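Enquirer: Have a look at this one.
The values are calculated or read from the model by the stated rules, or taken from the named source; none is laboratory data. Everything numeric in this text was worked out from a predicted model, so none of it was measured. Neighbour counts are summed over all protein chains in view; Cβ atoms, including those assigned to glycine, are modelled from backbone coordinates with ideal geometry.
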Amino acid sequence: MIVHCWRRALEADIGPVVVACGDPAIKQAIEQVGGQAVMTAADHPSGSDRIFEALQRIDPDGDHDCIINVQGDLPTIDPRIIRTCLSALQTEGVDISTLVAKIVDEEQKTNPNVVKAVLGLLPGQTIGRALYFSRATVPAGAGPLYHHIGLYAYRRQALANFVALVPGVLEQREKLEQLRALEAGMRIDAACVDTVPFGVDTPADLALAREMIAARPAPIMSA
């Protein structure tokens, strides 16, 4: 599965792809297909901490200013939305960018496992400033609700600042790491995309992901 995630990141075609891992088996799987992987401490509390350690190892001179964290359980992610996440980071003053999608399933609006992002998008807007994230059904009133997608792009300094912060009050209450950044005054912008990437959490999910990958067209890579 991690090899497919690596391939989707390569297909995004926006920069070097490195797999940060705490398990030698993952490193071996990536290197066997010609990819680059870097070992990190196995006990990092979050993916953000893991990618920061990896970044220090592979780019100590700071040549890369933007870092995208693609989780390893999204083997069918559309590479285009990885590029979309990066585009949301281009506005001056944005520290972190992420993705959202409109919730169309009524059950998901009240499901605490579906994290909601609060942002105000005017008609025609596709990128807005994230004001809050919650497991609750927010905001109130008529209008769309947005499902937060846990894919992030960071400015390098913002990532360094973020991993140095202590967990915030609201972060611990909602069990949502991104609230740590908001509590510290960092700016997160979110781009709205059409669909939520399919995550693999169960054997049934894995079987479905295999079917989806088998049916997808071959990628077109730029020269």
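Enquirer: As an exercise: evaluate residue 212 against (1) exposed (fewer than 15 other Cβ atoms within 10 Å of the Cβ); (2) at pLDDT 85 or above; (3) not acidic (Asp, Glu) and give the number of the one condition it does not meet.
Expert: Status for residue 212: all satisfied but (2).
Enquirer: Further question: I need the full set of residues from the stretch 89-114 which are touching an Asp or Glu at 6+ places or on another chain (Cβ under 9 Å), closer than 18 Å to residue 139 by Cβ and buried (at least 17 other Cβ atoms within 10 Å of the Cβ), in order please.
Expert: Correct list: 98, 101, 114.
Enquirer: Sticking with this one: I'd like the full set of residues that are closer than 23 Å to residue 163 by Cβ, part of a helix (DSSP H, G or I) and out of contact with any strand residue (DSSP E or B) (no Cβ under 8 Å at 6 or more places or on another chain), limited to the stretch 24-59.
Expert: If the condition is that a residue be closer than 23 Å to residue 163 by Cβ, part of a helix (DSSP H, G or I) and out of contact with any strand residue (DSSP E or B) (no Cβ under 8 Å at 6 or more places or on another chain), then 49, 52, 56 are the ones that fit.
Enquirer: Please work out which residue is surrounded by the most Cβ atoms within 10 Å (Cβ to Cβ), limiting yourself to the stretch 28-52 and to residues that are farther than 17 Å from residue 2 by Cα and touching a helix residue (DSSP H, G or I) at 6+ places or on another chain (Cβ under 9 Å).
Expert: Applying the filter and picking the extreme gives 52.
Enquirer: Something else: Restricting the search to the stretch 92-112, which residues are aliphatic (A, V, I, L, M) and touching a residue at least 40 places away in the same chain (Cβ under 8 Å)?
Expert: 94, 96, 99, 100, 101, 103
Enquirer: Identify all residues within the stretch 159-215 that are assigned to a loop (DSSP other than H, G, I, E, B) and either of a type in the set (Gly, Ala, Ser) or over 20 Å from residue 148 (Cβ atoms) (or both); write none if there are none.
Expert: Across the stretch 159-215, the qualifying residues are 166, 168, 184, 185, 199, 202.
Enquirer: Here is a further query. Please find, among 117, 158, 164, the residue that is surrounded by fewer than 17 Cβ atoms within 10 Å (Cβ to Cβ), farther than 22 Å from residue 5 by Cβ and not hydroxyl-bearing (Ser, Thr, Tyr).
Expert: Just a single option satisfies the conditions, and that option is 164.
Enquirer: Taking only the stretch 115-146 into account, find how many residues are outside any loop (DSSP other than H, G, I, E, B) and either modelled with pLDDT under 95 or basic (Lys, Arg) (or both).
Expert: 2
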